[in-house]
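The values are calculated or read from the model by the stated rules, or taken from the named source; none is laboratory data. The structure presented is a predicted model; accordingly, all values stated were derived computationally and were not measured. Cβ atoms come from the backbone with ideal geometry, glycine included; neighbour counts cover every protein chain shown. Accessible surface is based on the protein model in full, side chains and every heavy atom, while ligands, DNA and RNA are left aside. Shrake-Rupley method; radii C 1.70, N 1.55, O 1.52, S 1.80 Å.
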Amino acid sequence: ARWNLALNNMQNVQSELGRDNVEAEIVAYGPGIQMLKMDSSVGPRIDAALKSGVRVVACENTMNKQKLTKADMLPSIGYVRAGVVELIEKQREGYAYIRP
């Protein structure tokens, strides 16, 4: 349910403000990393989000702790070394942090 909420939030923001007017990124870490695995129930929605311009990244620290490799993950996503650090850096750049 939380994964769908995050994707719905992105879809609503793009719909309301216009895709070309928004830079959006979903950062998955901790238990949320499961949404980016190949067998994720929201895989098709992740692909749709990527096609709509949303950047979707996985935390490599979480992946290492859970013994996941890039081969376990959806093919089109990006990666960051530390998800929490990515959030901090984005907030410093002026991004709003929305946690579903």
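Structure above, values below:
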read-out: Those GluC sites (Glu not before Pro) in the range 16-59 that DSSP places in a loop and that have at most 16 other beta carbons within 10 Å; value: Glu23
read-out: Longest segment of the chain lacking chymotrypsin sites (Phe, Trp or Tyr not before Pro) that sit in a DSSP loop with at most 15 other Cβ atoms within 10 Å; value: 1-94
read-out: Solvent-accessible area per residue, Å², over the chain with all protein chains present [probe radius 1.4 Å]; value: 63 Å²
read-out: In nm, spacing of pseudo-spin labels at Ser52 and Asp39 (7 Å Cα→C-beta vector); value: 2.8 nm
read-out: DSSP bridge pairs, the chain: antiparallel proportion in percent, nearest 5; value: 10 percent
read-out: Net charge contributed by nearby residues that have their C-beta within less than 14 Å of Leu5 (K/R +1, D/E -1); value: +3
read-out: Portion, in percent, of the accessible area of the chain that falls on carbon or sulfur, probe 1.4 Å; value: 49 percent
read-out: Choice from Ile88, Ile33, Ile77 showing the highest fluctuation, given a GNM over the chain with Cα pairs closer than 10 Å; value: Ile88
read-out: Residue with peak Gaussian network fluctuation, the chain [Cα springs, cutoff 10 Å], from Leu87, Leu68, Leu17; value: Leu17
read-out: Estimated inter-spin distance, Gln91 and Tyr79, nm [label 7 Å along Cα→Cβ]; value: 2.6 nm
read-out: In the chain, lysine pairs closer than 23 Å at Cα, eight or more apart or cross-chain; value: 6
read-out: Per-residue ³J(HN,Hα) for the range 39-53, Karplus 6.51 cos²θ - 1.76 cosθ + 1.60, θ = phi - 60°, Hz, x for Gly and Pro; value: 8, 5, 5, 9, x, x, 6, 5, 4, 5, 4, 4, 5, 8, x
read-out: GluC sites (Glu not before Pro) within the range 44-100, DSSP loop, no more than 12 other Cβ atoms inside 10 Å; value: Glu93
